[in-house]
Amino acid sequence: MTKSKIYRPTNMIDLLSESTGLPDDAQTENMWLEVIHKVDEVYSDLIRYESDLEIKNAELEEAQQFISSVIASVSDILVVCDEKGRILQVNPAFQRVTGLNQMDLLGASLADFLVEEDRASALQKIAEGVAGKVTECELRFFAADGASDLMAINCSARFDHTGRRVGAVLTGRPIGELKRAYEALHRAHRELQQAQRKLVEQEKMASLGRLVAGVAHELNNPISFIYGNIHTLDKYRGALAEYFENSSVKAQNDELRRRYRIDAILADLPSLIEGTMDGAVRISDIVRNLRRLSFSRPAETQRVDLERIARTAANWAARSKKTRGEIFFDCDESVVVDAHEGQIHQVLVNLIDNAFDATKDVATPRIRVAIRKTSAHAEIIVEDNGRGMSDVVLDKVFEPFFTTKVVGEGTGLGLWISYSIVKEHGGSIVVANQPSGGAIFTVQFPMNSAQQQLRADEGG
């Protein structure tokens, strides 16, 4: 069956002529003709408007399809919410993140698809939107296999034609991979800087080591002379003491003994010889420590009483500085570690010597040395009441050749050598500023199993 073509008159005159005809009266005919012409114009306008409307509708559909295709092609997620956080529209990128289709998402609360710790901040961003302002946050959504990667989200307020806020638009992209790549790059850059610093330090140490090795070799000769002469002097002292103790010699020379204070000299000689020998031993240790700059050889350890060595180091530092500052000791009893005595002595001399330098301009200089014992560590604390250190100095204080002293007063190697000694003993050394002013150095040495057994035996 074929459809018959519908006849549609081209104007209102033809339509009225066919249906009712025109009256015979001429005046009436003219009136009707005028009315028909007006109606015909309106009818023609309606047809034109209908055609224009169809064209506009086609353009609108085309624009809508264009916008939909653009939104679908965007790799960033897009979520449109109302003022209560209900989802009004999403793009395929967000559907891929959640693993849900559009029908499951529309009308649901956005909070239901956020990890619990991010919900409050996301809803707050939606509720506090301001015209023309974009707020940023980092959110994670629930995915099919757990929480999604961290996403950088931009949240913009959405308004209707009256200017009333009716919701928000969220757009974002994953930053977890980018963040991990940045952290890896930062870590590699830091390791490269550390490697570069080590190379520079090694070159400095190699040059200094060649110089120090020669100096240390030359110092060994006079130290050997001192050792030999002190032992010989001690023998002479014994012979002289025995001679003057002889009763006959003593009776004949009582007046001369009193005049030249022979008894006082003989009594003072043992302590002088012992102090000189102790100084020679310390010089020998210093020479060996200088060789540490060019050679790395493990030193023999022994049982070291930290309080005894700290008091000796304090006396050394005080004599060398000729200072009027006071040193206060606050030590636990029987803090003993396995270490190289000469090296620990050198560390404490360096720390106390620096404390004296830090307090030289203080009205009442005060230095405190504390020794503590725990189950795992022996701790030495050296603090002063000086001015403290700047952040720059705190960062560089253990670097070789770094010094705040004027030229000729410091080499910048004391704290670096101290740091190396402590590290070789398996310990740690840190520095900080005290809230009340001044610097505080904290040195820790591990307590080994033998020391723990010793404490157990002492307790039993």
* Within the range 64-89, how many residues are under 21 Å from Q124 (Cβ atoms) and either part of a helix (DSSP H, G or I) or open to solvent by less than 80 Å² (accessible area, probe 1.4 Å) (or both)? -> 8
* To do: Tell me which of these P92 doesn't satisfy, since it passes every other one: (1) open to solvent by less than 60 Å² (accessible area, probe 1.4 Å); (2) at pLDDT 85 or above; (3) in contact with an Asp or Glu (Cβ under 9 Å, 6 or more places away or on another chain).
  => (3)
* Report, by residue number, each residue of the range 330-359 that is of a type in the set (A, V, I, L, M) and touching a strand residue (DSSP E or B) at 6+ places or on another chain (Cβ under 9 Å). => V335, V336, V337, A339, I344, V347, L348, L351, I352, A355, A358
* Structure fact -> Of T403, T359, the only residue that is without any contact (Cβ under 8 Å) to a residue 12 or more places away in the chain and surrounded by 15 or more Cβ atoms within 10 Å (Cβ to Cβ) is T403
* Do we have S418 as crowded, with 20+ Cβ neighbours inside 10 Å and either at pLDDT below 85 or under 26 Å from N385 (Cβ atoms) (or both) here? -> yes
* Quick check: anything in the range 327-342 among the hydrophobic types (A, V, I, L, M, F, W, C) and closer than 16 Å to R282 by Cβ? -> yes
* Structure fact -> Flagged in the range 91-108 as over 20 Å from G146 (Cβ atoms) and under 40 Å from the mean Cα position of the chain (by Cα), in numbering order, are N91, P92
* (1) open to solvent by less than 80 Å² (accessible area, probe 1.4 Å); (2) free of Cβ contacts under 8 Å to residues at least 40 places away in the same chain: which one isn't true of K125, the others all being true? -> (2)
* **Answer from A111, A157 - the residue that is farther than 20 Å from P174 by Cα and open to solvent by less than 40 Å² (accessible area, probe 1.4 Å)** => A157
* Can you tell me which residue within the range 144-154, out of those that are farther than 12 Å from I77 by Cβ and in contact with a helix residue (DSSP H, G or I) (Cβ under 9 Å, 6 or more places away or on another chain), is surrounded by the most Cβ atoms within 10 Å (Cβ to Cβ)? => L150
* Please work out which one of (1) open to solvent by 10 Å² or more (accessible area, probe 1.4 Å); (2) in contact (Cβ under 8 Å) with a residue 24 or more places away in the chain is the condition L348 fails and give its number. => (1)
* To do: Could you check, for the range 305-316, whether at least one of its residues is under 28 Å from A370 (Cα atoms), outside any helix (DSSP H, G or I) and either open to solvent by 60 Å² or more (accessible area, probe 1.4 Å) or at pLDDT 85 or above (or both)?
  => yes
* Asked: When the range 318-335 is examined, which residues are found to be open to solvent by less than 30 Å² (accessible area, probe 1.4 Å) and aliphatic (A, V, I, L, M)?
  -> V335
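The values are calculated or read from the model by the stated rules, or taken from the named source; none is laboratory data. It should be emphasised that the depicted structure is a prediction, and the values quoted were computed from it without experimental measurement. Neighbour counts run over all protein chains shown; Cβ positions are idealised from the backbone, glycine included. With ligands, DNA and RNA removed, areas are computed over all heavy atoms of the protein, side chains included. Shrake-Rupley method; radii C 1.70, N 1.55, O 1.52, S 1.80 Å.
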